[in-house]
Amino acid sequence: DFGHSSELAFVVEPSDDIAVQEQPLILYCQVEGIQPITITWRKNGMMIVDSENAFMLANGSLYVSRFQRVRGDGSSDEGEYDCMAQNHYGLVVSRKAKIQAATMSDFHIHPQNAVVEEGGVARFQCQIHGLPEPVILWHKNSMPVNTDNERYTLLPKGVLQITGLRAEDSGIFHCVATNIANVKFSREARLTVSGSHSSVYKDPMILVGPENLTLTVHQTAVLECIATGNPRPIVSWSRLDGRPIGVEGIQVLGTGNLMISDLTVQHSGIYVCAANKPGTRVRRTAQGSLVVQAPAEFVQHPQSISRPVGTTAIFTCVAQGEPPPQITWLRNGQILETSDHIKLKNNNSTLSIYGINQADEAIYQCLAENSAGSTQASARLTVLWADGLPSPPQGVRAETVSATTIQVSWEKPLQNTKEIIGYVLHIRKAADPVEMEYQEAVSKSTFQQLVTDLEPSTSYSFYIKAYTSRGASKASEVTVVSTLGEVPAMPSLFIKVINSTTVQATWEPSIKLGQHEGFKLYYRKVHLSQYTGPVLLASNVTAYNITHLADASVVYEVKLLAYNQHGDGNSTVRFVSLRETVERTVLNPPCDCMKDEQNNKTSTTGIIIGIHIGVTCIIFCILFLMFGYRGRLLMCKNVQEQLSTPQIPRSQRSMGLVLNGATRRDRDDRDLNGKQLDMNELERLFPASPSQEQQDKGILSAHSPSAPHNETQISTLPLDEFSIIEEQPDPLPKNPHSSSPAAQAPDHGPANEG
C-alpha cells in the first residue's frame, strides 16, 4: 500500500543468530519503497566493505562465507549487525542483530557416586555451558536411560532424579551434552542401592529447591523440588504473593518439579515449594524467583504526516516490554539531537517539531530496546512547499456503519492528478487536540476507506490529502460524524441471603459494560408473571438489599441490567430461596440475652443451694455410719458374753424367751418409756458378718411363731436400754465384774413378775 511504497520501510530485518565455526552465515534484509534504494551493512557501528569473506547479495542480504570466532588478525565475525536503507526521501536503520559463535565448554559439574537405601531418592547432576544451550541426555551402563520409566525424571538443565529406588537401579551413570558445536561426555558415577526400605520415621526434608531463573516470554521454566522423608512427603507449590499459579501450561514432572510452558510476564514471581508430612502440619519449604522478560514491542507506531512550512509536526511512539524499554529517536539513521524547536516528551514517547522548515523533511525512526530485545518503527515528515501539487480531494463523505466503524469516501482532485501516488486519510476525535490525529494511507486507485476500532457514541473528524512524490495537496473539507450508540453489556450479578426476609444483590463495576447511565433491578416469585420493579440505581451503585420477602416456600428470581440513552442491555438473572435460612432460624432461634443472663443467675443460685444440701447429706451419712458402727460393736460384745454363760436345756431357753416376750408386752402396757427389742430387731438394724450371723441363728433358733422374724418393726431406741433375759432353774451366783445381760436381769422389775 501507499504507506509502505512511498516511504522507506523494512519488510525483513536481520535477527539474532548463533553461527557455526567455519560454516556460512546469511543475515537477511529486505526493504521496500521508492527506487532507487541503497542498502549497506554495519557491524558494531562500522561500515562493512565487501570482501572475499563477507559481501552483500542482490536481494540486500549479507553473506559470510566462513564464519570465524577469531581470525588470524585478531578480528572476529561475532558482533551486532544492522542494515541501512536509503532513497531520496531519507534513510532508515534496521534493528540490531546479535551474532554469536556456537560453543561448548567442558563440564564444570560432573555426576557424583551415591549410596542410597532402597525406597529412597537419588539425584545426579551435570552442567556445561554452550551456545546454543546443549541438550543433555543420560546413559546407564552405557545405554540410554529409559525415559518411559515414571520413576526416572530428566530435567532440562542436566538433572536426573530417580525415586522409589530398587536394587535394579544400581549401575554406572554418565551424561552426554550435544549442540551444533560439539558433543561431550561427562565422568561416570556409580549408584549403589543398599539394604531394604526402612520403616524408621524421618522428618520431611527438601534435598534440592528451586533456583532463581531469568527467562524470556514463550520459553519454558522448570522449577526443581525434590524431597525425602518417611512417610514419603507430599510436594506442593504456591506463590509467595498469594496469587494462584493457574493450570494452563502447568505440569508436574516426577514427584514435585514444576514446569511452566509458554511463559508470560504474569508468571514472574517467587515460587514456594513445600514438602508436607501426610496428615500433619509438619512441612519444610524452599523458594526461588522467576523473572520473565518481554522484548520491546510497539503499542502505537509513529505515523507519517505532511505539514506546511511553519506548522508543528508531532510523532507518537509508545512501546511496552519487561523491563520497560528505552526509546531513542533517529533522523535519517542518526541519533536525533533536541533543540529549541525539537522536543521530546513523555519519556521520549512524543516527538514534537515546532516551526518546521524544508530541512526537517526526513524519515524519523523510533527505536525501543530492553535487555530482552529491540524493535524499530519509522515515519516520514513531508514539508509542503512545491508548486503544481494536486488540488484537494472532492466530495468527502462519512457514513456510520456501526458503533465502532465509519466508512469514508471521496472523489479525486480536479487538478494535477497525474502524479498522485496515493491518499492519506486524517482521523481525529472531534474533542481531541490536533496532535492526537492519526492517519491511514490508501492507494491511488481507492476512493473509500473503512475506519474500524472506533469508540461508540463518539464524534470523529475526517479529511483527505492527495500525495505525489513532490508533496501533498491541501486538505479537503472536514467532515464530522458520530458512531452509533451501544447498549451496555451484561453485568456480573451475585446474590447473598441476609436473613429470612432479605437478600442482597451485588455486582461489579466493569469497563466491559461500556457507557451506561445506571442499572435496573427486577425481582419476582418464579411462579408469577409480573416483576416487582424496575428499581433504578445510579451507575456508581454496586449493591442493593431486597427486603420483605416473606414467603420462604417459593424461589425468587432477581434480574439486573445496565442501561443508557441507547436502551437497555442484556440482563443477568439469578435465583434464590429463603427456605434454608428459615429452617436454620427455627432450629437455632436467636438468643434472648437478658433472659439467658437471668437464667444463668438462677442456675448459679440453684447450684450453690444444691452443693450445700449435698454437703449436709454427706455429713449426716457419716454421723449415721459412725453411730451405727458403735452400736454394732456393743451388740457383738453382748452376744459373746451371753454365749459364755452355762448351758441350759433348749426347752427352758425357749420358755424363757417366750416369757421374756410376754413380759415385754406387759411392760409396754404399763410403762411406755421402757423399751426392749428381741434379737430379730437387732439383726434388722445391725446386719452381722456371716460367722456372726451363724452364732445369732444358734441363739434365735427357739423363737416362738407368735413373733416371726419378717414382721419385726425397726426401732431407733438407744442400745443401752436393750437387754436379753433368760430364766434359769437355779439362780447363778452374781458376778460383780460381769456386764452380761443375764447379770443385769435382777435390776428390772418386770422380769420378776414374769
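The values are calculated or read from the model by the stated rules, or taken from the named source; none is laboratory data. Here the structure is a predicted model, which means the values were calculated and not measured. All Cβ positions, even for glycine, are placed from backbone atoms using ideal geometry, and neighbour counts span all protein chains on display. All accessible areas refer to the heavy atoms of the entire protein, side chains included, with ligands and DNA or RNA removed. Shrake-Rupley method; radii C 1.70, N 1.55, O 1.52, S 1.80 Å.
Worth pointing out:
- Residue satisfying all of: in the stretch 344-389; touching a residue at least 60 places away in the same chain (Cβ under 8 Å) and aromatic (Phe, Trp, Tyr); least open to solvent (accessible area, probe 1.4 Å) among these: 364
- Residue within the stretch 33-56 that is of a type in the set (Ser, Thr, Tyr), in a loop (DSSP other than H, G, I, E, B) and surrounded by 12 or more Cβ atoms within 10 Å (Cβ to Cβ) present: no
- Annotation: of all residues in the stretch 418-436 being within 60 Å of the chain's Cα centre (by Cα) and assigned to a loop (DSSP other than H, G, I, E, B), the one that is nearest to residue 461 (Cα to Cα) is 430.
- Filtered by the rule that a residue be among the aliphatic types (A, V, I, L, M) and either modelled with pLDDT of 95 or more or closer than 18 Å to residue 362 by Cβ (or both), the stretch 1-17 gives 8, 9.
- Among residues of the stretch 185-207, those that are surrounded by fewer than 18 Cβ atoms within 10 Å (Cβ to Cβ) and in contact (Cβ under 8 Å) with a residue 24 or more places away in the chain, counted: 16
- Restricting attention to the stretch 109-133, the residues that are crowded, with 17+ Cβ neighbours inside 10 Å and outside any loop (DSSP other than H, G, I, E, B) total 8.
- Qualifying residue in the stretch 150-159 (condition: within 40 Å of the chain's Cα centre (by Cα), of a type in the set (A, V, I, L, M) and assigned to a loop (DSSP other than H, G, I, E, B)): no
- Residues being part of a loop (DSSP other than H, G, I, E, B) and under 21 Å from residue 475 (Cβ atoms) - total across the stretch 346-382: 5
- Qualifying residues in the stretch 62-94 (those that are open to solvent by 20 Å² or more (accessible area, probe 1.4 Å) and of a type in the set (S, T, N, Q)) - the one nearest to residue 374 (Cα to Cα): 86
- Within the stretch 452-494, the set of residues being outside any strand (DSSP E or B) and surrounded by 21 or more Cβ atoms within 10 Å (Cβ to Cβ) comprises 473, 476, 488, 491.
- Residue list for the stretch 17-29, restricted to those being within 22 Å of residue 92 (Cβ to Cβ), in contact with a Phe, Trp or Tyr (Cβ under 7 Å, 6 or more places away or on another chain) and open to solvent by 50 Å² or more (accessible area, probe 1.4 Å): 26
- Of the strands (runs of 3 or more DSSP E) that lie entirely inside the stretch 181-280, those containing 3 or more residues that are more than 26 Å from residue 167 (Cα to Cα) and in contact with a Phe, Trp or Tyr (Cβ under 8 Å, 6 or more places away or on another chain) span 234-239, 269-276.
- Of all the residues in the stretch 383-404, those that are at pLDDT 90 or above, in a strand (DSSP E or B) and in contact with a Lys or Arg (Cβ under 9 Å, 6 or more places away or on another chain) number 1.
- Residue count, the stretch 108-157 (criterion: more than 30 Å from residue 231 (Cβ to Cβ), touching a strand residue (DSSP E or B) at 6+ places or on another chain (Cβ under 7 Å) and free of Cβ contacts under 8 Å to residues at least 60 places away in the same chain): 12
- Unmet criterion (only one of (1) touching a residue at least 40 places away in the same chain (Cβ under 8 Å); (2) open to solvent by less than 40 Å² (accessible area, probe 1.4 Å)) for residue 256: (1)
- Some residue of the stretch 397-416 being closer than 30 Å to residue 293 by Cβ and open to solvent by 40 Å² or more (accessible area, probe 1.4 Å): no
- Summed over the stretch 134-159, the residues that are surrounded by 12 or more Cβ atoms within 10 Å (Cβ to Cβ) and among the small types (Gly, Ala, Ser) give a count of 1.
Yes or no, residue by residue, for (1) modelled with pLDDT under 80; (2) in a loop (DSSP other than H, G, I, E, B); (3) open to solvent by 80 Å² or more (accessible area, probe 1.4 Å):
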position	(1), (2), (3)
561	no, no, no
604	yes, no, no
615	no, no, no
618	no, no, yes
637	yes, no, yes
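Table: residues versus (1) among the polar types (S, T, N, Q); (2) touching a residue at least 60 places away in the same chain (Cβ under 8 Å); (3) open to solvent by less than 20 Å² (accessible area, probe 1.4 Å).
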| residue | (1), (2), (3) |
| --- | --- |
| 260 | no, no, yes |
| 264 | yes, no, no |
| 268 | yes, no, no |
| 274 | no, no, yes |
| 296 | no, yes, yes |
| 304 | yes, yes, no |
| 314 | no, yes, no |
| 324 | no, no, no |
| 330 | no, yes, yes |
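- Members of the stretch 305-345 found to be over 22 Å from residue 373 (Cα atoms) and either among the acidic types (Asp, Glu) or in the same structural domain as residue 94 (by the TED database) (or both), listed by number: 337, 340
- Filtered by the rule that a residue be of a type in the set (Asp, Glu) and surrounded by fewer than 16 Cβ atoms within 10 Å (Cβ to Cβ), the stretch 168-184 gives a lone residue, 168.
- When 439, 407, 415 are checked against the criterion of being in a strand (DSSP E or B) and over 22 Å from residue 311 (Cβ atoms), 407 stands alone in meeting it.
- Residue 351 more than 22 Å from residue 384 (Cα to Cα) and not polar (S, T, N, Q): no
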